[in-house]
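I have placed the structure first, in the form of structure tokens, so that the comments after it can refer back to it.
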Amino acid sequence: MNQTKIIAVIVIVCAVASLTNAATIPAGTTLAVTTVSLITSQDAVGSSFEAKIAQDVSVKGSVMLKAGTKAFGKIHSSRRNPRKSEALSVELTFVEVNGRRVPVKTNSVEPHGPPQTARQAQYGHTAGTTVVNPKTLLQFQLRQPVAL
């Protein structure tokens, strides 16, 4: 019976130790990413895109996310539906850490492309298709803390 109690205590101690070592990235932290996928304002709302963390994300001197970490996002709004045409906006939905997907909540970002015609440029319109090429830098801010 003593062996069972000792094993139970060891398991509890290990569980508590793993919880106290969990890293958290606070809300408000900026996540700079470079896009891997091509994104356009003609993509459907909810479509996903791939990106990579552009620079290390550190908290109190400890690197929480290394540059090159895979990140994924989705189209928050777009011009694809002509009845509800909106500017292109995207947000991050998760990062991949040690082979597991960790959900993230970020602000929406509206990447801007150049207007498609001289007339649109003259009047400040961006009614044409916005194109976000691969390797474009986008910066998001965490709306909620992320526990890794």
If we scan the range 58-68, do we find a residue that is under 16 Å from P103 (Cα atoms) and of a type in the set (D, E, K, R)? no
Counted residues in the range 30-56 being at pLDDT below 95, assigned to a loop (DSSP other than H, G, I, E, B) and among the polar types (S, T, N, Q) come to 3
Out of the range 97-126, which residues are modelled with pLDDT under 75, outside any helix (DSSP H, G or I), surrounded by fewer than 15 Cβ atoms within 10 Å (Cβ to Cβ) and of a type in the set (G, A, S)? G124
Being in a loop (DSSP other than H, G, I, E, B) and over 17 Å from L138 (Cβ atoms) is the filter here, so list the residues in the range 57-96 that pass it. K60, G61, K66, R79, R80, N81, S85, E86
I'm checking my understanding of the structure. Among residues of the range 38-53 that are of a type in the set (G, A, S) and surrounded by fewer than 17 Cβ atoms within 10 Å (Cβ to Cβ), which one is farthest from T93 (Cα to Cα)? A44
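The values are calculated or read from the model by the stated rules, or taken from the named source; none is laboratory data. A quick note: this is a predicted structure, and the numbers were derived from the prediction, not measured. Heads up, the Cβs are rebuilt from the backbone with ideal geometry, glycines too, and the neighbour counts pull from every protein chain shown.
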